[in-house]
Amino acid sequence: MSISRKPYAIERILSAATYLTAGGVGFVWLIVAAVLRKHITPFLMYHILQSIFLSILFFLISILGELIYVILYRIPVINSIPYWLSFPLPFMFNLSIVQAFTTLIILYLAITSFMGLYSYIPWVSDIIKQNSGH
């Protein structure tokens, strides 16, 4: 994606904060902008929508994962798979594989948006780009 102008520091801070708060800062900023009738730049809107979309997607995947875990836990040989996916690894600050993966994604998104770049995650960013008017 091309950047027409360099984002202001406040836009970069807000875009990074919205990823770190699971879309909370971005949602509040959308409400504040609507009440004050302020324009939200395409850069900030892209990151706000992407963080909210990712938070909802993560929530739905977590619920689906919990259902799959309940089913797999009852199968004798396969019930160790969910255990190993959630086992804390000491070399990853006692995070599980799933937690480390999601933490790395959030950090990638926050850092790249703070740098003033449009973060890209396959499929998700394409949906956001189509729906935000880019």
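Evaluated against (1) touching a Leu at 6+ places or on another chain (Cβ under 7 Å); (2) modelled with pLDDT under 85, Leu95 falls short on exactly one condition, (2). Checked against the criterion of being over 14 Å from Ala16 (Cα atoms), in contact (Cβ under 8 Å) with a residue 24 or more places away in the chain and among the polar types (S, T, N, Q), the candidates Ser86, Ser132 yield just one match: Ser132. Restricting Leu64, Leu57 to those that are touching a helix residue (DSSP H, G or I) at 6+ places or on another chain (Cβ under 8 Å) and over 23 Å from Arg12 (Cβ atoms) reduces the list to Leu57. Among the residues of region 106-116, those identified as surrounded by fewer than 16 Cβ atoms within 10 Å (Cβ to Cβ) and out of contact with any helix residue (DSSP H, G or I) (no Cβ under 8 Å at 6 or more places or on another chain) are Leu107, Tyr108. Got at least one residue in region 52-73 being in contact (Cβ under 8 Å) with a residue 60 or more places away in the chain, surrounded by 16 or more Cβ atoms within 10 Å (Cβ to Cβ) and of a type outside the set (S, T, N, Q)? Yes, there is a match, as at least one residue in region 52-73 is in contact (Cβ under 8 Å) with a residue 60 or more places away in the chain, surrounded by 16 or more Cβ atoms within 10 Å (Cβ to Cβ) and of a type outside the set (S, T, N, Q).
So in region 7-29, with the set limited to residues that are within 23 Å of Leu60 (Cα to Cα) and among the aliphatic types (A, V, I, L, M), which one is surrounded by the most Cβ atoms within 10 Å (Cβ to Cβ)?
Filtering region 7-29 down to residues within 23 Å of Leu60 (Cα to Cα) leaves 15-28.
Okay, now just the ones that are also among the aliphatic types (A, V, I, L, M), so 16-17, 20, 22, 25, 28.
Numbers: Ala16: 22, Ala17: 19, Leu20: 15, Ala22: 17, Val25: 19, Val28: 15.
If we take residues in region 7-29 being within 23 Å of Leu60 (Cα to Cα) and among the aliphatic types (A, V, I, L, M), then Ala16 is surrounded by the most Cβ atoms within 10 Å (Cβ to Cβ).
Every test in (1) of a type outside the set (A, V, I, L, M, F, W, C); (2) without any contact (Cβ under 8 Å) to a residue 60 or more places away in the chain; (3) more than 16 Å from Ile128 (Cβ to Cβ) is passed by Arg12 save one, and that test is (2).
The set of residues in region 1-36 being modelled with pLDDT of 95 or more and basic (Lys, Arg) consists of Arg12 alone. Within region 98-114, residues that are in contact (Cβ under 8 Å) with a residue 12 or more places away in the chain and assigned to a helix (DSSP H, G or I) reach partners that are surrounded by 16 or more Cβ atoms within 10 Å (Cβ to Cβ) and among the charged types (D, E, K, R) with beta carbons closer than 6 Å, at six or more positions or on different chains, in the pairs Phe114/Arg12.
The values are calculated or read from the model by the stated rules, or taken from the named source; none is laboratory data. This is a predicted model, so every value here is computed, not measured. When we count neighbours, we look across all protein chains shown, and the Cβ atoms used for this are built from the backbone with ideal geometry, even at glycine.
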